[in-house]
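Values quoted throughout were computed directly from the atomic coordinates according to the rules given, and no laboratory measurement underlies them. All figures in this text were calculated on a predicted structure; none of them were measured in a lab. Quick reminder, even Gly has a Cβ in these numbers, built from the backbone with ideal geometry, and neighbours come from all protein chains shown.
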Amino acid sequence: MDQPYDLMTGILHFGTYFGLSMVLLVAFKFLYTLVTPHDEWKLIREQNNTAAAIGFGGAVLGFAIALGGAASNSVSLVDFGTWALIALVAQIIAFAIIRFLFMPQVVSRIEDGEISAGVMLAATTISVGVLNAACMSY
C-alpha cells in the first residue's frame, strides 16, 4: 500500500519542481534579455545572428544546469527558489564580468555576428552554471 502512495507523492513533487523550474527558466530568459544591452530575440529571429544564438543559448543552458543542481540538492520549494535566484544572479554577474572585464566589446561583436564572441560568452556562462550547480551541493 505504501508504494502507490510513494509513487503519487513522487509524481506530485516532480510536477511541482519541474513546473517551478520552467517558470524560472522563462523568467531567466526575460530578465537576461533585459540586462544585456543588445536585443537577443531581434538578433536571433530577424537577423539570424548565430553569435547571439550561441551566447544566449549558453546562458540559458548554464542557468538550467544550475537549476538542476538546486533541484537536486534542495530540501524544500523555498530552498529551491532561493538557490534558483542565486543562480540567476550568478549568471547575470557572469555576463557583466565578460562585458566589463574580459571582453569589453562582446556586445558589439555579437551584434556584428562574430561567432567567436558568442562561443566565449556561451562557454563562460555554461561554466558558471556548472560551478554554481556544484557549489549548491551542501
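Along segment 68-79, what does the Karplus equation 6.51 cos²θ - 1.76 cosθ + 1.60 (θ = phi - 60°) give for ³J(HN,Hα), rounded to whole Hz, x for Gly and Pro?
Listing the rounded values in order: x, x, 5, 5, 5, 10, 7, 9, 6, 5, 5, 4 Hz.
So, counting K/R as plus one and D/E as minus one, what does the shell of residues with Cβ under 15 Å around residue 38 add up to?
Around residue 38, the surrounding residues sum to -1.
For segment 33-45, take each phi angle, set θ = phi - 60°, evaluate the Karplus expression 6.51 cos²θ - 1.76 cosθ + 1.60, and give the result in whole Hz per residue in order, putting x for glycine and proline.
5, 6, 7, 6, x, 9, 8, 4, 4, 5, 4, 6, 6
Using Cβ counts within 10 Å as a stand-in for footprinting exposure, how do 119, 107 rank, fewest first?
Starting with the residue having the fewest Cβ neighbours, the order is 119, 107.
Full extension from residue 9 to residue 127: what is 0.36 nm times the residue separation minus their Cα-Cα distance, to one decimal in nm?
39.1 nm
Convex hull volume of the Cα atoms in the chain, per residue, in Å³?
Enclosed volume per residue, from the Cα hull, is 106 Å³.
Just order 89-100, 36-47 by mean Cβ neighbour count inside 10 Å, highest at the front, would you?
The densest-packed peptide leads the list: 89-100, 36-47.
Rule-of-thumb check for segment 1-71: C-alpha Rg over 2.2 N^0.38 Å?
1.54
How big is the dipole moment of the chain about its Cα centre under a simple scheme where the beta carbon of each Lys and Arg is +1, that of each Asp and Glu is -1, and everything else is neutral? Debye, nearest 20, please.
So the magnitude is around 220 debye.
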